[in-house]
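All remarks here apply to the structure that follows.
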Amino acid sequence: MFTRTGVAVAVSAVVLVTAGAVANYPELVMVGLAGAIALLVAATWMLWRPQITAVREIRPQRVTEGSPARAVLTLTNTGPRRSPPLVVTETIADRSTSVPLRSLAAGTSYETTYPLPTTRRGRYLISGLTIGHSDPLRLLHVGRRTGSESVLYVHPQVHDVAPVPIGGPRDAEGSTSARSPLGGMAFHSLRDYSPGDDWRLIDWKSTARTGTLVVRHNVVPDEPRHLIVLDTRAHDGFEDAVRVAASLCVAASRSGFPIDLRVTRTATESAHTELQALDVLASVECSAGDRGLSTLPEIIHDALAANEGCALAVITGRATLDDLDLLSAVRPHFLTVSLIQIGQSPTPAPPGVIAVDATSSERFAAAWNQLVPQ
């Protein structure tokens, strides 16, 4: 395709040739023809397509907002001749980035790096690369798409906070299930001996009664699940609310509690690991038409289907009276219920609900850690 210079040369050539012919001015015709010849030479030059392969890596693929991330681009000239200078273009978050690259000898590679935008959380889809080259006069430019799409996750900022309280000390001999991790001190069941089992776990009374070796199946007791609900109705403090939800998810996960993150926009979808939760929170968006905490009964019915102990934390803007009535109604189903309001003029929480009001995620972290011991 024509560059701006190429368009100017083409238009000038037509005008000069026409004006020279009408005015019987051969010098103008010669200048116009020179421009046309330059375009013809450029078109002939562009018939040679460099054989370049490109590999792009995102390092790291997941970062916290404000942390550095970069793309590492490796280009290899697989053709038999030296390639011309190239320009690689890619689009990130609707912003085009162009990287000029030097000429490459046949069979050689070149690696370069460039920064990626990480100032705002988000899931950024980075399109395939466009490798372009021009003629020596920069009259024409040809681009070729290559490579695959990449994804960069920019996670929300996480504050060091205590996990959601569970209403009492952790029980080393608490309830167990078949899904409980092995290696704890809580007894779950008896089972037949398997090679490699610790002989100290053999239950000699059961072994004498059955005539076969029987061992105690000890597990880590089930910990109360942390159900963290983020209200995705639009409000001024939404970005801070996202950081609060991320902080509570990370605190629970790193303290050994199972987590269940829900957002009201997609109430039935959940994230059960720290990485899943942060990926969800990287791309979550608010909406004025969101149902908000009216989806809480639906979330709770789904979350409590496993009949496990659970602590609830709700992060919202300014709770409505209907929201407070819902929290009061569901309070008996949870070990504890916490209401975190991020914004101005919070609504007083109902009795039995742990309440923290703050205007930013930083102020929430300070108030939460004073209220909840780590």
In a Gaussian network model of the chain with springs linking alpha carbons closer than 10 Å, the residue among Thr316, Thr108, Thr18 that fluctuates most is Thr18
Taking r as the C-beta separation of Val14 and Thr44 and R0 as 25 Å, the FRET efficiency to the nearest 0.05 is 0.80
So the angle from the long Cα axis of helix 321-330 to the longest Cα principal axis of the chain, reported in degrees to the nearest 10, equals 50
In the chain the DSSP beta bridges are antiparallel at a rate, in percent to nearest 5, of 65
Rounded to the nearest Å, the spacing of the alpha-carbon centers of segment 191-253 and segment 254-279 is 16
In a Gaussian network model of the chain with springs linking alpha carbons closer than 10 Å, the residue among Ala43, Ala69, Ala251 that fluctuates most is Ala43
Helix-only [θ] at 222 nm, the chain, -39500 (n - 2.57) per DSSP H run of 4+, per residue, nearest 500, equals -8500 deg cm²/dmol
One finds, for Asp160 and Trp199 with R0 = 56 angstrom and r their Cβ-Cβ distance, a FRET efficiency to the nearest 0.05 of 0.85
Sorted by chain and then number, the residues having a modelled amide H within less than 5 Å of the amide H of Leu104, at least 5 places away or on another chain, are Ser83
Of every hundred units of 1.4 Å-probe accessible area on the chain, the number belonging to carbon and sulfur atoms, as a percent, is 56
Tilt, helix 238-254 to longest principal axis of the chain (alpha-carbon atoms), in degrees rounded to tens, equals 50
Under a Gaussian network model of the chain whose springs join Cα atoms within less than 10 Å, the largest fluctuation of Glu274, Glu285, Glu149 belongs to Glu149
FRET efficiency for Arg363 and Ser127 from the Cβ-Cβ distance with R0 = 45 Å, rounded to 0.05, comes out at 0.70
With DSSP loop assignment and no more than 16 other C-beta atoms within 10 Å, the trypsin sites (Lys or Arg not before Pro) in segment 45-120 are Arg81, Arg82, Arg102, Arg120
Tilt, helix 274-283 to longest principal axis of the chain (alpha-carbon atoms), in degrees rounded to tens, equals 50
In nm, the gap between the two label points placed 7 Å beyond Cα toward Cβ at Ala23 and Arg82 is 4.3
Scoring the chain by relative contact order with C-alpha pairs under 8 Å, at least six apart, yields a percentage of 13
Given a 1.4 Å probe, the accessible area of segment 311-374 per residue, as a whole number of Å², is 47
Using alpha carbon centers only, segment 300-351 is separated from segment 19-55 by a whole-angstrom value of 72
Once amide hydrogens are built 1.01 Å from N within the peptide plane, the residues lying 5 or more places from Asp203 or on another chain with amide H under 5 Å from its amide H are Val214, Val215, Arg216
For segment 1-128, dividing by residue count, accessible area per residue (probe 1.4 Å) in Å² works out to 60
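The values are calculated or read from the model by the stated rules, or taken from the named source; none is laboratory data. Since we're looking at a predicted model, the values are computed, not measured. FYI the Cβ positions are ideal-geometry reconstructions off the backbone, even for glycines, and counts take in every protein chain you see. Note: accessible area is taken over every heavy atom of the protein model, side chains too, but ligands, DNA and RNA are not part of it. Shrake-Rupley method; radii C 1.70, N 1.55, O 1.52, S 1.80 Å.
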